[in-house]
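Since the structure comes first, as structure tokens, the remarks are kept for the end.
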Amino acid sequence: MKTNDELIDDLLTIAFAEDVGDGDVTTLSTIPADERGRQRLIVKEEGILSGVEIARKVFAKFDPDLKMTVYIEDGAHVKPGDIAFEVEGSVRSLLQTERVMLNIMQRMSGIATVTAKYQEKLAGLKTKVLDTRKTTPGMRILEKEAVKTGGGANHRMGLHDMILIKDNHVDFAGGITKAVEAAKKFCMETGRGDLKIEVEVRNTDEINEALAAGVDRIMLDNFTPERTKEAVELIAGRTEIESSGGITLDTLRAYGECGVDFISVGALTHSVKGLDMSFKAF
């Protein structure tokens, strides 16, 4: 299995292949090969900055001679006019890396900004907001990193690093007990004993069955705040509790106040507007 650094390198390879191809013909035809210059990343909208370290990888991959000077680190609250970093070197390289870097920085900063707003709604509570697998294909590792930058927490990275038994799994397996027993057997036989097992439940009977089966986390799917409070009273102290399903910024606090450990929100990544910024010569 590839490491995070290898996945990011693969992502950047694809990004340059689709954007630059065999060369930026505009830049190559108008800018001398020996021309040197500087550009700076200017923030144009208030939010949380994310992607600075990935930007460093973008420049280094395309042209190791580009020199980056960082003034604002990932996780900082930024406002219009702030200068996050400057880059100096070949003008051809600066122009050919600009869009790839901006696409990543704007997307990640937008996600971090939205995540911070959600987590702020839970101030004073133990509850953490979680991301989901509703991410841009190929960019999941970056988008989940942005969630952490914004103060949230990551759910599973993919289908490989946690067992999440959802309603369809339960129905096909013949019930929660059978599904959990099969999952535990699979983990033992394949050397994956460190995998957590989470079960999605729909009612009190399924909660009791999941508790009896011995799971690491119970997901309350599409419960109202009132039903969530009742479920927490039944589960509290016996396993982790996650709320999921249609929870918005307006309803988030009500679920957190029920005492759940986590609230998963697909909107952190699936419909986020990028934070406005530009990369300008100076």
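In square angstrom, what is the accessible area per residue of the chain with a 1.4 angstrom probe? Before the final figure, lay out the partial values.
Values: 14010 Å² over 282 residues.
The answer is 50 Å² per residue.
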task: Report, in debye and to the nearest 20, how large the dipole of the chain comes out about its Cα centre when Lys and Arg carry +1 and Asp and Glu carry -1 on their Cβ.
output: 280 debye
- request: Return the Cα extents of the range 1-97 along principal axes one, two and three, sorted largest first, each rounded to a whole Å.
  value: 40, 39, 21
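Could you sort 261, 216 by accessible area so the largest value comes first, with the probe set to 1.4 Å? Show your work: numbers first, answer last.
Numbers: 261 35, 216 65 Å².
Per-residue accessible area, sorted high to low, gives 216, 261.
Counting only DSSP beta bridges with both residues in the chain, what percent are antiparallel, rounded to the nearest 5?
On the way: 18 of 36 bridges.
In the chain, DSSP labels about 50 percent of beta bridges as antiparallel.
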task: Let me know the number of lysine pairs in the range 162-282 closer than 28 Å at the Cα, not counting same-chain pairs under 8 apart.
output: 10
message: Compute the angle between helix 225-235 and the longest alpha-carbon principal axis of the chain, please, reported from 0 to 90 degrees and rounded to the nearest 10.
response: 70 degrees
query: Given charges of +1 on the Cβ of Lys and Arg and -1 on the Cβ of Asp and Glu, with all other atoms neutral, how large is the dipole of the range 134-246 about its Cα centre, in debye to the nearest 20?
result: 360 debye
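The values are calculated or read from the model by the stated rules, or taken from the named source; none is laboratory data. Note that the structure is a prediction, hence the values are computed from the model and not measured. Positions of Cβ are backbone-derived with ideal geometry, glycine not excepted, and every protein chain shown enters the neighbour counts. Only protein heavy atoms, including side chains, enter the accessible area calculation; ligands, DNA and RNA are left aside. Shrake-Rupley method; radii C 1.70, N 1.55, O 1.52, S 1.80 Å.
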